[in-house]
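These notes are about the structure you will find just below.
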Amino acid sequence: MKQQFLAFCSLLLCITCSVETQAQQKPALHVGVKGGTNFTKTSTESSSLEGKYGFGYQAGVMTRVDIGSLYVQGEALFNKRKASYEEKSGGSAKLTWNAIDIPVVVGYKIIKTDDFNLRAFAGGVYSYAFNNKLSASESIQEGFKKFDKSNIGITGGIGIDYKNFTVDLRYENGLSNISKEFKSKPHSFTLGIGYFLF
């Protein structure tokens, strides 16, 4: 028990020293542009509907603050999202909407060199949805008439940097419903490619 306690204290000391070392390094600010694709579906608790992935796109700006191997990155992205549903009765429905997403993530550079980085990151995202359209039967359309504009979610993934270019593969999980009647929460995979201007 005593050995485990000493090992735990040593681990805490190492983490504290590492964080202090990172904090003493001068932060570097980078600003860039980003675009990519998203694959989105919305889960539902309705027994008559099954969500399917749809293909969309995104574009926007990003900023990153580097503190040694740690970094904080914020983005403002326009997303065109598409999803579809299969009805148990044999029909189908297609849902499209636009969204302004503001993700903020904290990351760590697993491999860090002057020209190349391998990163892992996680954080949260706020999304404001608008211009939602649904082509479906009247019963489904009723459930999406009160489309929730504001949504929050969590996101995480991996990325690589090569010089000023950056590539991210991330997963985003919605925590709030876009349709309260069907308990629909959006889930998406995104592949983004960006370029830091400085």
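The values are calculated or read from the model by the stated rules, or taken from the named source; none is laboratory data. Bear in mind that the values here come from a model prediction, so they are computed numbers and not experimental data. Cβ placement follows ideal geometry from the backbone for every residue including glycine, while neighbour counts extend to all protein chains displayed. The accessibility values were calculated without ligands, DNA or RNA, using every heavy atom of the protein model including side chains. Shrake-Rupley method; radii C 1.70, N 1.55, O 1.52, S 1.80 Å.
Per-residue answers, yes or no, for (1) assigned to a strand (DSSP E or B); (2) at pLDDT 95 or above:
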position: ALA93; (1), (2): yes, no
position: TYR108; (1), (2): yes, yes
position: GLN141; (1), (2): no, no
position: ILE160; (1), (2): yes, yes
position: SER176; (1), (2): no, no
position: THR190; (1), (2): yes, yes
position: TYR195; (1), (2): yes, yes
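The single condition from (1) at pLDDT below 95; (2) in contact with a helix residue (DSSP H, G or I) (Cβ under 6 Å, 6 or more places away or on another chain) that LEU70 fails is (1).
The residues on offer are PHE78, PHE130, and the sole one that is open to solvent by 10 Å² or more (accessible area, probe 1.4 Å), at pLDDT 95 or above and in a strand (DSSP E or B) is PHE78.
Looking across region 84-120, the residues that are among the β-branched types (Val, Ile, Thr) and open to solvent by 40 Å² or more (accessible area, probe 1.4 Å) come down to ILE100, ILE102, VAL104, VAL106, ILE110, ILE111, THR113.
Checked against (1) closer than 22 Å to ILE152 by Cβ; (2) open to solvent by 20 Å² or more (accessible area, probe 1.4 Å); (3) under 20 Å from the mean Cα position of the chain (by Cα), GLU45 meets all criteria but (3).
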